[in-house]
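Beneath this line is the structure, given in structure tokens, with notes to follow.
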Amino acid sequence: MNGQPSTQALAIGSPFGIIAGGGAMPFAVADSLAARGIKPIIFGLKGFCDPAQAARFEHYWTPIGKLGALLRLMRSTHCRDLVFIGTLVRPAISEVRLDWGTLRVMPQVFRAFRGGDDHLLTSVSRLFENEGFRLLGVKDVAPDLLMPAGSITRATPDADASADIARGRDVLSALSPFDIGQACVVIDGHVVGIEDIGGTDALLARVAELRANGRIRAKVGRGVLVKAPKSSQDLRFDLPTTGPRTVDGAIAAKLGGIAIVAGNTIVAEPQAMIAAADAAGLFVTGLSA
């Protein structure tokens, strides 16, 4: 990608633990660490982490709810620095099989499940910190995976797109206290969709359907997907992510481009994303934080 995010990697310990959910990002982080001579160890969440990808690294498996077993594993491998990364569907607490290590902290677990996703992740992180581990974020561990400032595509936002971006940022800022979502679509000043539990892919699919049904009559190539973390969000966790699939969704929704906050958004498969956007004439631009 053109340019570099401003965040520089912290001094972190080796080996380094990656508590891995689904998707490609845990392994992108692992590759970034390995390239700098830091040994990654994958602690894969059963049912979410990809076994084929995990096999490339030293790895262990843990079910959700087995906190005691996971803590013992991490101590036995001498991992003190950790990152949570990857997709994860929040389970109902009644579905989680608990071990004694989890039962010991059940009051904290119940409180964690009573809030939104950001509250849950921050609360769970405190459990690990209370056990002597250091929880870091991707922006600390692998800043090379973050969106840089400015456009990374040949296309750039025009004045109309810039106005839509400004409106989208205002909307996301206003929604931040409610811990709802991290993205919205604005077309010619109209907010036509807001991310919910379905995620960005579902948001773009809804916009594409609204266009197909004639509910959105704006010209093809108008409108912007705007993504930004919540204002009160713990930036170690659940940063917005974009990649080739996001571009595919924006193409299907017939948008003009994608605007994401630089330094606080993860970019998956950047070269493939840029190539897809350039082929479709979309812009992808990094916004100042």
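Below 13 angstrom from the Cβ of Ala262, what's the summed charge of the other residues (Lys, Arg +1; Asp, Glu -1)?
On the way: positive: Lys139, Arg169, Lys227; negative: none.
The answer is +3.
Would you tally the net charge around Gly44, using a Cβ to Cβ cut-off of less than 13 Å, leaving Gly44 out, and scoring K and R as +1, D and E as -1? List each step's numbers first, then the result.
On the way: positive: Lys46, Arg56, Lys66; negative: Asp50, Glu58.
Spelling it out: positives minus negatives among the neighbours equals +1.
Need the list of lysines near Lys230 for cross-linking: C-alpha distance under 25 angstrom, and skip anything on the same chain fewer than eight residues off.
Lys139
Once every Cα of region 146-287 carries one equal point scatterer and solvent is ignored, give the base-10 log of I(q)/I(0) from the Debye formula at q = 0.12, 0.14, 0.21 Å⁻¹, two decimals.
-0.40, -0.55, -1.34
Using alpha carbon centroids, what distance separates region 147-203 and region 250-289, in Å?
Between the Cα centre of region 147-203 and that of region 250-289, the gap is 12 Å.
Taking K and R as +1 and D and E as -1, what net charge do the other residues with C-beta under 14 Å from the C-beta of Asp248 add up to? It would help to have the intermediate numbers written out before the result.
Working: positive: Arg245, Lys254; negative: Asp201, Glu269, Asp278.
Here the count lands on -1.
Based on DSSP, what percent of beta bridges with both residues in region 146-287 are antiparallel, to the nearest 5?
On the way: 11 of 22 bridges.
Among the beta bridges of region 146-287, antiparallel pairing accounts for roughly 50 percent.
Could you name the lysines whose alpha carbon sits less than 29 Å from that of Lys219, not counting residues in the same chain fewer than 8 places away?
Lys227, Lys254
The numbers here are math on the coordinates, done by the rules we state, and not lab data. Just so it is clear, the model here is predicted, and its values are computed rather than measured. Here Cβ is always computed from backbone atoms with ideal geometry, including for glycine, and neighbour counts include all displayed protein chains.
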